[in-house]
Amino acid sequence: MRLKACLIALLLIAFAQKGRSQVLITTTLPDSITYWERTNVVGLDISEIAFVNWSVGGNNSVSVLAKGNFTRKYTRKNINWLNELIIRYGINSQEGQELRKTDDQFQFNSTFGYRRDTVSNWYYSAKFNFNTQFSNGYSYPNTTAEISGPFAPATIFLGVGSEYIRKDLGLTLYLSPLTDKTTLVLNQFLADQGAFGVEAAVKDADGNIITPGKRSRTEVGMLFTGQFKRQVFKNIMLDNRITLYTDYLNSFGNIDVNYQLQLDMTVNEYVKANIGANFIYDDDIKSSEEVAGTVVTGGPKVQLKQTLGVGLSYTF
């Protein structure tokens, strides 16, 4: 009787252990796999200066700059697909002056690359780039006639070529021998003036418009872009970007240049300082200045924008 009871007890223990092990196995799930890298960075820079009984004088002012950088990168075996959206918008309020725009950018980049093996750093690539702005721009203090606006201009690059990527160096180079560049000027007032290289309106001797100005211009040429982005010192990130373009049909060898430099310095998780510069030279963009109350159009000039800011930044 005792032997029978012992056997029954041993069987119950064995089944209990077996059931327990089965429960542990069935509740273990494999880790999910994704080939997408997602990065979202939003920031807000604020600068303010105020005076009270300040003997040497000065105007109270407040400047605000909102910015965002959103990237989606797909990497799997021989495929590399990078998408990037950059937005910036800044305003300044100064005592005795109306609200003014200080920065305005909407840029989307997408580059798809395919390589023959998983060792090579060279890719067969296709690139799409779109640039425009959110609101009208003015030659202050004149705010009655805009000099730019949403989709005025908007530039689109679309081409195929070859891309060299070195992740360890933070280096990306792209060369396209066949790129379409389309410039849109959807503001008819600016199109009639021939702004940003589009064909101007045809007018009679009295200044009346006979044929409206073209609202777009298409070019075919060669495009080179380069980016060098890496941490140069502790908490300091350097981002260099350059774009070079020349048109085959109109003034081949006359190169449009767009160079951007950005230096981001991290104070802590949420506070960052940044220094930036943007150099642009485009033969199709003519300079203008006001002389004796009259706006005079001149030849193309080097354009420069410099920024310095400290503010909040959040990455998610």
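The values are calculated or read from the model by the stated rules, or taken from the named source; none is laboratory data. For clarity, every value in this text was computed on a predicted model and none was experimentally measured. Here the Cβ is made from the backbone with ideal geometry for all residues, glycine too, and neighbour counts use every protein chain on show.
In table form, for the structure just shown:
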quantity	calculated
Single residue of Ser125, Ser135 found to be hydroxyl-bearing (Ser, Thr, Tyr), at pLDDT 95 or above and not in a strand (DSSP E or B)	Ser135
Qualifying residue in region 163-174 (condition: farther than 24 Å from Ile280 by Cα, surrounded by 15 or more Cβ atoms within 10 Å (Cβ to Cβ) and in contact with a Ser or Thr (Cβ under 6 Å, 6 or more places away or on another chain))	yes
Of the criteria (1) surrounded by 13 or more Cβ atoms within 10 Å (Cβ to Cβ); (2) modelled with pLDDT under 95; (3) of a type outside the set (A, V, I, L, M), which one Asn142 fails	(1)
Region 240-254 - residue that is of a type outside the set (Ser, Thr, Tyr) and buried (at least 17 other Cβ atoms within 10 Å of the Cβ) and, of those, modelled with the highest pLDDT	Arg241
Lys234 vs. criteria in contact (Cβ under 8 Å) with a residue 60 or more places away in the chain and more than 29 Å from Gly161 (Cβ to Cβ)	no
Conditions (1) β-branched (Val, Ile, Thr); (2) out of contact with any Ser or Thr (no Cβ under 7 Å at 6 or more places or on another chain); (3) under 18 Å from Ile156 (Cα atoms): number failed by Ile236	(3)
Pick from region 158-202, criterion part of a helix (DSSP H, G or I) and aromatic (Phe, Trp, Tyr), ranking: modelled with the highest pLDDT	Phe189
Members of region 136-186 that are of a type in the set (Gly, Ala, Ser) and in contact (Cβ under 8 Å) with a residue 40 or more places away in the chain	Ser139, Ala145, Ser148, Gly149, Ala152, Gly159, Gly161, Ser162, Gly170, Ser176
Residues of region 90-134 classified as more than 30 Å from Asp168 (Cα to Cα) and loosely packed, with under 13 Cβ neighbours inside 10 Å, total	5
Residue match in region 112-120 (condition: touching a strand residue (DSSP E or B) at 6+ places or on another chain (Cβ under 9 Å) and under 17 Å from Phe157 (Cβ atoms))	yes
Test: residue in region 253-267 that is under 19 Å from Phe112 (Cβ atoms) and in a strand (DSSP E or B)	no
Residue list for region 30-86, restricted to those being touching a residue at least 12 places away in the same chain (Cβ under 8 Å), over 22 Å from Asn131 (Cα atoms), surrounded by 13 or more Cβ atoms within 10 Å (Cβ to Cβ) and not β-branched (Val, Ile, Thr)	Asp45, Ser47, Asn60, Ser61, Ser63, Tyr74, Asn78, Asn80
Matching residues in region 216-244 - criterion: being over 20 Å from Asn129 (Cβ atoms) and within 24 Å of the chain's Cα centre (by Cα)	Arg230, Gln231, Val232, Phe233, Asn235, Ile236, Met237, Leu238
